[in-house]
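Taking it in order: structure first as structure tokens, then the write-up.
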Amino acid sequence: MILQYLDFEKPIIDLENRLEQLRRVDDGTDKNLREEIVKLDKKIGKIRKEIFSNLTRWQITQLARHPNRPYMLDYINHCFKNFLEIHGDRAFRDDPPVVCGFAELEGEKVLVIGQQKGRNTTEKIRRNFGMANPEGYRKALRVMKLAEKFRLPVITFIDTPGAFPGIGAEERGQSEAIARNLLEMARLETPILVVVIGEGGSGGALALGVGDEILMMEYAIYSVISPEGCASILWRDTARAETAAEMMKVTAADLKKFSVVDRIIPEPLGGAHRDHKAAADAVRVAMAESVAGLRSLSVRQLLDRRYAKFRDIGVIRRKTGSNG
Amino acid sequence: MPIRLFRRKEEGEKKIKIPEGMWIKCDACLEIIYKPEVERNLNVCPKCNYHFRIPAMERIRAVTDEGTFREFGEELESVDMLSFTDTKKYTDRLKEAKKKTGRKEAVITGTAKINGMDVVLAVLDFEFLGGSMGCVVGEKVTAAAEAAKELSRPFLIYSASGGARMQEGVLSLMQMAKTSAALARLADARLPFISVLTDPTTGGVAASFAMLGDIIVSEPGALIGFAGPRVIEQTIKQKLPEGFQRAEFLLEHGMIDIIVERTRLKPTLTQLLRFMTASSGK
């Protein structure tokens, strides 16, 4: 996989290339060369830290969509054991953008459901760029019911630009499929843990996003509509996506402030794509802690907490005073 | 002379005003139709049966027993928590919508009777920012569903909405989950929920409460779907088939129960409510 750089990483690219060159000629004999390598390495670290401590919401959006970013199946490989994929909605067809299966998380048996984007062109097309059809959401619901039956915790991974807007998707009830999941997840009698790993694109993301705890990667985004979609409707100009991302406040830090997200999972310096294993380790530890916490609650407690969690989301004003 | 001039002008204005007020052009068949006749017909074109978009209060008047509607939740108002500005400030958009509709938000909630049967109602208003669902709409629909459960009454929602309100960001998205969760509790209490779809019902409203009715009723010709037609055309780069995403298309594809004309809505809802509340074998 060739590492791709984003615009704002430009100050680092040349320095990293130079470091690479120096490392290649370094045979351990030249002390000066050694010193230079150490110095350059430090310098790159400093610049990167500076860049990454002042990211704009649009830059974070670019990181969330980075072509090298770990996808759902990367986390499956790194975080879980004995993954066994299961397929199909038992009604129409298997929808590859949604992946479901049994897995073990640090000894705990769970059912994993998530959205998968493709890495290369063939895979991208097969996975429909991570955009699910109604049958994908219905497969997810079938597997959730299975989890409920056997009291297995559900872990969902969110990474989609949105639900697929196509003729067939509309014919087969895209809106009904999403709505049904929202209703059923609200009352599913088993723990649900949601992890937003990349793009949380509107209703297509939320259809796997109702849970007891919502974790979000540091450089993931989650929004009511894609910045491009918002820009095209409100400004009639997709080029205003950057402004739309700023306006809608789409980052993990924003969502934590609005109590939509419970916990932010820090990413390795430079973003999850620079170190898949380190990113996955952080996700694994956070997931294991959450699942253990949720396991200790009774079904009644779980459902009451889950209802209250979503019931309380929102900012409103009553005539008599402010805030609600 | 000045007085005569003034008078003449007034007369001239009147001459233009009377025909404009009495005769309107149908949006669908483009026929010139007599306004009082259209109004008597609940704003349905007598020539082509086109159902005009109407304000929420008119819908409530058309379907509830006279004098039985009691509004609740009218004290709730939206907050510009993101300091959102696109081509206009969100606060200005809200002000304009309030002025235009005389309402504070895009949904009216309350209790009423339909042919003597007690119900809880939530009626969305497309005139108020396209019926979009922000935190207040989400809160009011949720509170109405909870009230229906508390009072053990059937719940009806009339939808007319472009979807979630972008100016409230992810908080508006979360209202989809919030309202659906309240409907799950209503369903667990075995109380009926009838969803009435009107033109248009799309986006986050279609993908939450609107498509969750025990029975889903639609007015003829209503646009209903998740993605808007323009977005779909841009994505798949194809022309959309005739009648795509209209109520008749959804009926054919098994997504809604009945298409009912506006003038037949009250008797149909009455019949449905009787069937679903008759033997409360709880």
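Computed quantities for the displayed model
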| read-out | value |
| --- | --- |
| Across A:Lys145/B:Lys266; B:Lys25/B:Lys100; A:Lys10/A:Lys256, pairs whose alpha-carbon gap is larger than 27 Å | A:Lys145/B:Lys266; A:Lys10/A:Lys256 |
| CD proxy at 222 nm, helix term only [per DSSP H run n ≥ 4: -39500 (n - 2.57); per residue of chain A; nearest 500] | -14500 deg cm²/dmol |
| Extension reserve of the A:Asn32-A:Glu106 stretch, reckoned as 0.36 nm per residue once the Cα distance is removed | 22.0 nm |
| Percentage relative contact order, chain A, counting C-alpha pairs under 8 Å, at least six apart | 15 |
| Average beta-carbon neighbours from other chains, 10 Å sphere, peptide B:200-208 | 5 |
| Spin-label model distance (nm) - A:Lys46 vs A:Asn82, 7 Å beyond Cα toward Cβ | 5.1 |
| Whole-number percent relative contact order across chain B, with pairs defined as alpha carbons under 8 Å at least 6 apart | 13 |
| B:Glu146-B:Glu96 pseudo-label distance in nm [points 7 Å out on the Cα-to-Cβ vector] | 3.3 |
| Positive-end extreme of charge dipole, region A:171-289 - chosen from A:Ile225, A:Leu182, A:His276 (charges on Cβ) | A:Ile225 |
| Point-to-point label distance, A:Phe129-A:Ala308, nm (Cα→Cβ direction, 7 Å offset) | 4.2 |
| Leading residue at positive end of dipole, the protein assembly as shown (Cβ point charges), from A:Pro67, A:Val260, B:Ser152 | B:Ser152 |
| Cβ-Cβ FRET estimate between B:Glu58 and B:Phe275, R0 fixed at 22 Å, reported to 0.05 | 0.25 |
| Dipole moment magnitude, nearest 20 debye, region B:175-267 about Cα centre, only Lys, Arg, Asp, Glu C-beta charged | 260 |
| Stretch gain in nm, segment B:Ala189-B:Asn41, where the contour uses 0.36 nm per residue and the Cα spacing is subtracted | 49.6 nm |
| FRET efficiency, B:His253 to B:Ala28 (Cβ-Cβ, R0 22 Å, nearest 0.05) | 0.45 |
| Amide N proximity, region B:183-202 versus B:Arg230 label position 7 Å along Cα-to-Cβ, cut-off under 19 Å | B:199-202 |
| Net lengthening on full extension, A:Glu246/A:Asp275 (0.36 nm per residue, minus Cα-Cα) | 7.7 nm |
| Local electrostatic count at A:Gln115 - Lys and Arg +1, Asp and Glu -1, tallied over other residues with Cβ under 12 Å | 0 |
| Total formal charge among the other residues, if their Cβ is under 11 angstrom from that of B:Gly213, Lys/Arg +1 and Asp/Glu -1 | -3 |
| DSSP H segments from chain A that extend 20 Å or more along their own axis, Cα-based, with Kyte-Doolittle mean of -0.5 or above | A:276-295 |
| Helix B:135-151 axis, angle to chain B major axis (alpha carbon atoms, nearest 10°) | 50 |
| On Cα atoms only, tilt of B:90-101 relative to the major axis of chain B in degrees | 70 |
| DSSP-defined antiparallel bridges as percent of all bridges, region B:53-276, nearest 5 | 40 |
| Residue-averaged [θ]222 nm for chain B, counting only DSSP H segments that reach four residues, each worth -39500 (n - 2.57) | -12500 deg cm²/dmol |
| Local electrostatic count, B:Gly203, Cβ distance below 15 Å [Lys/Arg +1, Asp/Glu -1] | -2 |
| Length-normalised contact order of region B:101-239 in % [C-alpha pairs under 8 Å, at least 6 apart] | 21 |
| Between 0 and 90°, nearest 10: helix B:265-277 axis offset from chain B longest Cα axis | 10 |
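Bear in mind that the values in this text are calculations on the coordinates, not laboratory data. Because the structure is a prediction, the values reported are computed rather than measured. Reconstructed Cβ throughout: ideal geometry from the backbone, glycine too, with neighbour counts over all protein chains shown.
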